[in-house]
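Enquirer: Before we start, here is the structure in question, set down as structure tokens.
Derivation of every value follows stated rules applied to the coordinates shown; laboratory data play no part. What you see is a predicted model; the values in this text were computed from it and never measured.
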Amino acid sequence: MRSLIDILELSTEEIDALIDTAQDMIARPEAYADACRGKILGTLFFEPSTRTRLSFTSAMMTLGGNVLGFSEAASSSASKGESVADTVRMVSAYSDIIAMRHPKEGAPLVAAEHATVPVINAGDGGHFHPTQTLTDLFTIKRKKGRLEHLTVGLCGDLKFGRTVHSLIAAMSRYADIRFVLISPEELKLPGYTRHEYLGEGKSSFSETTDLEAAMPELDILYMTRIQQERFAFHDDYLRLKDSYILTPEKLKNAKPDLCILHPLPRVNEISVAVDDDPRACYFEQAANGRYIRMALILKLLSEKDMPDQNKKSQKEISLDGAVCQNPRCITTTEQELPQRFRCVDREHGVYRCVYCDGRVYPKANEKA
Ligand code: CP
């Protein structure tokens, strides 16, 4: 059975097909009005959301289906200590497909491994947000007519911004994509994302702290919010929160066909004065989310009985005594979960946690 945890579980051909379906859903809504009649979507949101939860709800209702779920952990039995695995076992009995958001990284993977219906990752901690990426790609395709030959500026919190990690992973598969990473030093893209998708033989990239200097070369400017909820120390957030504020003034040297995106919600990183600029596409982007999620729900339900051939095939390795060090990993709160790793770099002894992609270096520990 097919779930969607990581955007890379979809091939570029599948993404193209989803975009075509979403486009057709906009053009011919009546053709899809009963496509999910009798089906139920379970929305399990352990963390706040406006766009993702409501666009999933709207998507299923537009397809003729129904929706049940909760919008905060406090109103579910998770507040009594119920595990993710038990929660999804139950919700599988009440619904045909599940969309889950969770603050712990890897929780939707755990859900997919215990559910008997497809699970869609609707955002897990600072890790992945694949349906936001589908929304971003759909918007870029609609605005620019292509997903290749683009210079993409990513600005703000590149460390904790899960939408950035998923977008880089997805766009690095298209031809001639150049990334310009714009962030304060402390919020730079994590080394593992850079190592995996950027650099030699992969997409080219540059890094800067200066948004205005980067502006003239950009086809896409993807602004992000500084992720207050992911900081260990509030003072660090206060110091960094106003690092980038996009204003009409700062757009003076931008291309006339620049496409300004933001996954939203914004705090103050895009001034409201920019909203009237024809290059501001972020509200249209959020609206597009409904159609691409409709296309995804339809695809996963129609493939429910097929084996998942796109699952990462890399072998898991057991590492005696190794423990994931990522404080946001689902294994930190669900301690009965086994510690599971995959090898990233055999030569240097680098492994990654199967749930959250956190790196562990057992060889380094041996030497210590
Ligand atoms: N972009 C996004 O995930 O928004 P919400 O947090 O409102 O769902």
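Enquirer: Above 34 Å lies some portion of the pair distances; for the chain, what is it as a whole percent of all C-alpha pairs?
Expert: Pairs farther apart than 34 Å: 26 percent.
Enquirer: Compute a Gaussian network model of the chain, connecting alpha carbons closer than 10 Å, and tell me which residue from Cys155, Cys329, Cys343 fluctuates the most.
Expert: Ranking Cys155, Cys329, Cys343 by mean-square fluctuation puts Cys343 first.
Enquirer: If you don't mind, there's one more thing I want to ask. Taking θ as phi - 60°, what are the ³J(HN,Hα) couplings along segment 197-211 by the Karplus curve (6.51, -1.76, 1.60), each to the nearest whole Hz, with x for Gly and Pro?
Expert: Coupling constants for segment 197-211: 10, 10, x, 3, x, 10, 5, 7, 7, 9, 10, 8, 9, 9, 4 Hz.
Enquirer: Once you have a ≥ b ≥ c as the square roots of the Cα gyration tensor eigenvalues for segment 157-215, tell me rounded if a/c is under 1.5, and otherwise prolate or oblate according to whether a/b is larger than b/c.
Expert: Values: a/c = 1.74, a/b = 1.27, b/c = 1.37.
The shape class here is oblate.
Enquirer: Another question, then. Taking a 28 Å limit on the Cα-Cα distance, which of the listed pairs Lys80/Lys104; Lys144/Lys304; Lys141/Lys252; Lys202/Lys304; Lys104/Lys304 fall beyond it?
Expert: On the way: Lys80/Lys104 17 Å; Lys144/Lys304 33 Å; Lys141/Lys252 25 Å; Lys202/Lys304 33 Å; Lys104/Lys304 26 Å.
Over 28 Å apart, Cα to Cα: Lys144/Lys304; Lys202/Lys304.
Enquirer: On to the next question. Under the Karplus relation 6.51 cos²θ - 1.76 cosθ + 1.60, θ = phi - 60°, what is the ordered set of whole-Hz ³J(HN,Hα) values for segment 56-61, x standing for Gly and Pro?
Expert: Coupling constants for segment 56-61: 4, 4, 4, 4, 5, 5 Hz.
Enquirer: Next up: Taking every DSSP beta bridge with both residues inside segment 89-185, roughly what % is antiparallel (nearest 5)?
Expert: Antiparallel bridges make up about 10 percent of those DSSP assigns within segment 89-185.
Enquirer: If you average the C-alpha positions of segment 213-286 and of segment 135-161 separately, how far apart do those two centres end up, in angstrom?
Expert: Using only Cα atoms to place each centre, the spacing works out to 13 Å.
Enquirer: Next question, about the same structure. Please build a GNM for the chain, connecting alpha carbons under 10 Å apart, and tell me which residue among Gly38, Gly64, Gly321 fluctuates the most.
Expert: Gly321
Enquirer: Based on DSSP, what percent of beta bridges with both residues in the chain are antiparallel, to the nearest 5?
Expert: Roughly 20 percent of the beta bridges in the chain run antiparallel, per DSSP.
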